[in-house]
Amino acid sequence: MSNNQLILTDVTKRFGGLTAVDALSFKVESGQIYGIIGPNGAGKTTVFNCITGIYKSEEGSVNWRGEEIRGMTPYQIVDRGIVRTFQTIRLFGQMSVAENIMSGRHIRSSQKLWHGIIHTPGSKRDELENWHKVEEQLDFFNLSEFAATPVGSLPYGIQRRVEMARAMAVEPTLLILDEPAAGLNDKETLVLLETIFKIRDKGVTVLLIEHDMDMVMEVTDYLTVINFGKKIAEGTPTEIQKNPAVIEAYLGSEDDDDE
Amino acid sequence: MKEMQKFGYPIFFAVMAALPHLLDSRWQAVAITFLIFAVVALSQDIILGKCGMFNMGQALFFGMGAYTTAILNNEFGWSIIATIPLAILIPAIFGALLAGPIVHLRGDYLLVVTIGFNIVFVQVLQNNLGGVTGGPNGIFGLDSLSFLGFNLTSQVAVYYFAFIVLLLTLWLMRNLAGSKAGRAMHYVREDQLAAESIGINPRIYKIFAFSIGAGIAGLAGTVFATQYSAVSPEAFEFIQSVLFFSIVLVGGSSVPGVLLGVFVMFVLPEIFREFATWRYFVFGFAMIAAMILRPRGIVPATFGKIPKFLIKGGSHVE
Amino acid sequence: MDIFLQQLANGLTIGSMFALVALGYTMVYGVMRLINFAHGDMVAASAFVGLTIYTEVLGQAVSLGAVIVIFLLSAMVMAGVGLVLERLAYRPLREAPRLSAVVSALGASLVIQNGIMLIWGPRMRIFPELVPQVYWDFGGVVISLIQVLILAISLVLMVGLYLFVEKTRIGAAIRASSIDQDAARLMGINVNSIIALIFIIGSSLGAVGGLFIGLYYRGITFNMGWQYGLYAFIAAILGGIGNIPGAMLGGMLLGLFKAFIEGYVSSTWADAFTFILLILILIVRPTGILGERVAEKV
């Protein structure tokens, strides 16, 4: 099935009198690394929330692999292969890194409810398999030494990796990253870049929001630029860099900051 | 800590197994009560401690199991042992049914609703619904335990019955901890939105937690009915639920914590019988102090129990 | 028709008492997001305090002046207890997880309830007959002076509180603290003082409610607080938690509901029906009749 396309058509989200996302349309092709950029407050995270089921857009369509997913619950959407990370990092703070990543194996596990009461050889095998998958993610993200460490006590940069590991443990088809480079230093950002390429090599499509322009230009294949909830441009990174409307949007907001 | 875990449980089990032969009749009864309430408190821990739901009505399920045994034995002549499956199933089903419409409620509201369920239950018992609940006086004159033709009337027999039920409960909880469902409860408790966003349907696991907790409490109810050969509504008033709720939070959401909590709440007052009237007064202060000093409980929950092959050198293990 | 009017009268009376007590719950919950479980016990305590003031301080005098003294002194005492309660049991847990504060509140409830028992004994005591037993009979419907007084005084107090909260600056500060404590602080509002004020007002109103309970029912026991407290909290939820007019409305409605159930069905089922009502409301309209005034932290 190479029809792993995410198509947004005229998606509109309002909060009372405020239109946060305004008739937004874009298409993410299978295997792309697609970026959503725009000044602060442009509505980017809101768009992601509409895709992943945290919000239901008032109008428009969110079509994934030919199926309308607008209005589904977050866990139904995960079940269909879309997983996201959060801008503010939402890990299970008291639990260890390994247990956090294990949560990503939840929907891949074949255990039934009643296996919580009594184990069977089948459920024990399932447990073991999933912990081994956790091990794979620990290795991939270089987190092995922190496997048993409570996640809340770890530095920010490592927590970000844990969140991505958790998302990858689901074996998603589309990975949505909300400002993955936020709070990372240059070295960490480079590692992130390589990681995203490795993820794409595994066959996962990546959709991300980012502010770090250097990183965006390096990593993305295609971009949509949003301002005030509306699309103002789309194109390859090189095209976007030269687009006057984009420059206006960013420069314009810089001017405001200077005042 | 790990040494304590390795030796703590075997020592505990050995002591508890030998205990009835070391105690006189009065203290045997206290020990049985300890065991029964420990089971109820552990069942409460599943709902409150592990799944994070503010349930203040656990006495309801405890009572449901007790009354199921009492009614089946008294009205229909079933032997105590025969009543066990229903004493577990009926509360478990009710747990799921009652939880369904309310698990999405905000914590404080859920709390008040569960108190409400408890109060309704007790009032139903007192009003002798269907003519079988025996009204305010309850039902008495229940049979004693009989197993394979042996009539086990001694208190020591009841003790071992209760002990086996506790062991069973601990085994169930261990299974739960090492399962997909058990972990899901923790994830839902810690951050429901994150759990949903990783593919977990919170509703299912919340209802499941309620159901298991209810079933286990129901089983404890059977033992309770056996101990007294009677049941009455006062034993299941919502003040009992308040106590179970407090035990889990003050003791901490761990097996040692809960057992400690039950010991302090129910056994200590027996030791200090002379101070009976001061009991709850002192407890009140103790609860306030405990929360100020140890908001997560005396022996809080610990995480990080992962397979050994994942723990490479240099990791921080508690 | 007789039953209806009688229960209407009874319901308004009971409802007034519920409303007074509910106000304490709703104000504390609105600002601190905490169910003050000890509130019901404080209401009970005020009845006992009033009893003692009557016997020890006033030498069992019965007069209008005596009544006023009892009410004022009891209110002051309970306001003081409320302040101590807040300081000792709740303030240290402002930053702690919510459940810890709940347990602390339960502990405080046990302390106060058992404190009453230790001081005044476990048996029922009789509250003095401070109001003359005057009745009016309207063709089978009996209304007492006590009922009229309770309703009248409660209304005055509720209107007074409403005006205070809606029309004064301090009232605005209270409403601001309900919506967002941090923002209120940043605006220069001394939230600690507001919280202290809320406990003073809530405890005083609760004290008046407790005295009314003593006057109306005459028999008082040390553990009557929980029963009342629970009903009052339900009333607060019914009207919309955090919403002061809501608590008043909720209280009156709940009182009427309880009276009608007792009149038309049976008093032994009153509790059950009340809770079923609560459960239905929470499922159907969880924000209450007049809507919540509590900010949700998303």
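For chain B, the C-alpha radius of gyration divided by 2.2 N^0.38 Å, with N the number of residues, is 1.00. In this structure the amide hydrogen of A:Leu208, modeled in the peptide plane, comes within under 5 Å of the amide hydrogens of A:Tyr34, A:Gly35, A:Ile36, A:Leu177, none closer than 5 places in sequence on its chain.
Per-residue Karplus couplings for the range B:184-193, computed as 6.51 cos²θ - 1.76 cosθ + 1.60 with θ equal to phi - 60°, are listed in order as 4, 4, 5, 4, 4, 5, 5, 7, 5, 5 Hz, Gly and Pro entered as x. Close amide-amide hydrogen proximity is noted between B:Ser253 and B:Ala301, each under 5 Å apart and 5 or more residues distant or on a separate chain (H modeled in the peptide plane; Pro and chain starts excluded).
Helical runs assigned H by DSSP (4 residues or longer) give chain A a calculated mean residue ellipticity at 222 nm of -11500 deg cm²/dmol, each run adding -39500 (n - 2.57) before division by the residue total. Calculated on the alpha-carbon coordinates, the convex hull of the range C:119-251 measures out at 143 cubic angstrom per residue.
For the protein assembly as shown, the dipole from Cβ point charges (+1 on Lys and Arg, -1 on Asp and Glu) about the Cα centre works out to 1700 debye, to the nearest 20. Amide H contacts of A:Ile232 (H built 1.01 Å from N, in plane; Pro and chain starts excluded): A:Val225, A:Ile226, A:Asn227 sit under 5 Å, all sequence-distant by 5 or more or on other chains. Rg and Dmax of the protein assembly as shown, both derived from C-alpha coordinates alone, stand at 30.6, 94 Å.
Each semi-axis of the equivalent ellipsoid for the range C:10-157 is √(5λ) with λ an eigenvalue of the Cα gyration tensor; in descending order they amount to 32, 20, 13 Å.
Counting only alpha carbon atoms, the long axis of helix B:202-228 and the longest principal axis of chain B meet at about 40°.
Each residue of the range A:84-94 is assigned a 3J(HN,Hα), and the resulting list reads 10, 10, 9, 4, 9, 6, 10, 9, 8, x, 7 Hz, derived from the Karplus form 6.51 cos²θ - 1.76 cosθ + 1.60 (θ = phi - 60°), x at Gly and Pro. What would the Debye equation give as log₁₀ I(q)/I(0) for chain A at q = 0.10, 0.13, 0.14, 0.17 Å⁻¹, counting only Cα atoms as equal point scatterers? Listed by q, the Debye log ratios stand at -0.52, -0.87, -0.99, -1.37. Rounded to whole numbers, the Karplus 3J(HN,Hα) couplings from phi for the range B:253-263 are 7, 9, 4, x, x, 5, 4, 4, x, 5, 4 Hz, using 6.51 cos²θ - 1.76 cosθ + 1.60 with θ = phi - 60°, and x at Gly and Pro.
Give the lysines reachable from B:Lys312 as a straight Cα distance under 30 Å; neighbours fewer than 8 places away on the same chain don't count. Within reach: A:Lys124, A:Lys133, A:Lys187, A:Lys198, A:Lys202, B:Lys2, B:Lys6, B:Lys50, B:Lys180. Based on C-alpha pairs under 8 angstrom that are at least 6 apart in sequence, chain C has a relative contact order of 38 percent. So for the range B:16-142, what percent of the C-alpha to C-alpha distances run longer than 20 Å? I get 54 percent for the Cα pairs in the range B:16-142 exceeding 20 Å. Taking only the C-alpha atoms of the range A:95-171, the Rg (one decimal) and the largest Cα-Cα distance, Dmax (whole number), read 12.9, 39 Å.
For the pair A:Tyr250 and B:Arg26, label points projected 7 Å from Cα toward Cβ lie 8.3 nm apart. Here the range B:151-189 is scanned for amide nitrogen atoms under 20 Å from the site 7 Å beyond the Cα of A:Thr73 along Cα-to-Cβ, giving B:180-189.
Placing pseudo-labels 7 Å out from each Cα toward the beta carbon at A:Asn63 and A:Thr120 gives an inter-label distance of 4.1 nm. The eigenvalues of the Cα gyration tensor, multiplied by 5 and square-rooted, give the range B:87-135 an equivalent ellipsoid with semi-axes of 24, 14, 7 Å from largest to smallest. Taking the DSSP beta bridges with both ends in the protein assembly as shown, the antiparallel portion is around 65 percent. On C-alpha positions alone, give me the angle between the axis of helix C:98-120 and the longest principal axis of chain C, in degrees, nearest 10. Result, in degrees: 30.
Over the Cα atoms of chain C, what is the Rg over Rh ratio if Rh follows Kirkwood?
On the way: Rg = 18.8 Å, Rh = 19.5 Å.
Result for chain C is an Rg/Rh of 0.97.
From least to most packed, judged by other beta carbons within 10 angstrom and beginning with the fewest, C:Val28, B:Val267 follow the order B:Val267, C:Val28. Can you tell me how the range B:1-82 classifies by the Cα gyration tensor, rounded, prolate or oblate, using a/c under 1.5 as the rounded cut? Oblate, because a/c is 1.5 or more while a/b does not exceed b/c. Using Stokes-Einstein with the Kirkwood hydrodynamic radius over Cα pairs, what translational diffusion coefficient do you get for the range C:205-298 at 10 °C and a viscosity of 1.306 mPa s, in µm²/s rounded to a whole number? In µm²/s, the coefficient is 112. Beyond 23 Å, the tail of the calculated P(r) for the range B:187-318 holds 53 percent of the Cα pairs. Using the Cβ-Cβ distance between A:Asn185 and A:Phe15 with R0 set to 25 Å, the FRET efficiency from 1/(1 + (r/R0)^6) comes to roughly 0.15.
Read-outs: derived from the displayed coordinates by stated rules, not from any lab. It should be emphasised that the depicted structure is a prediction, and the values quoted were computed from it without experimental measurement. Quick reminder, even Gly has a Cβ in these numbers, built from the backbone with ideal geometry, and neighbours come from all protein chains shown.
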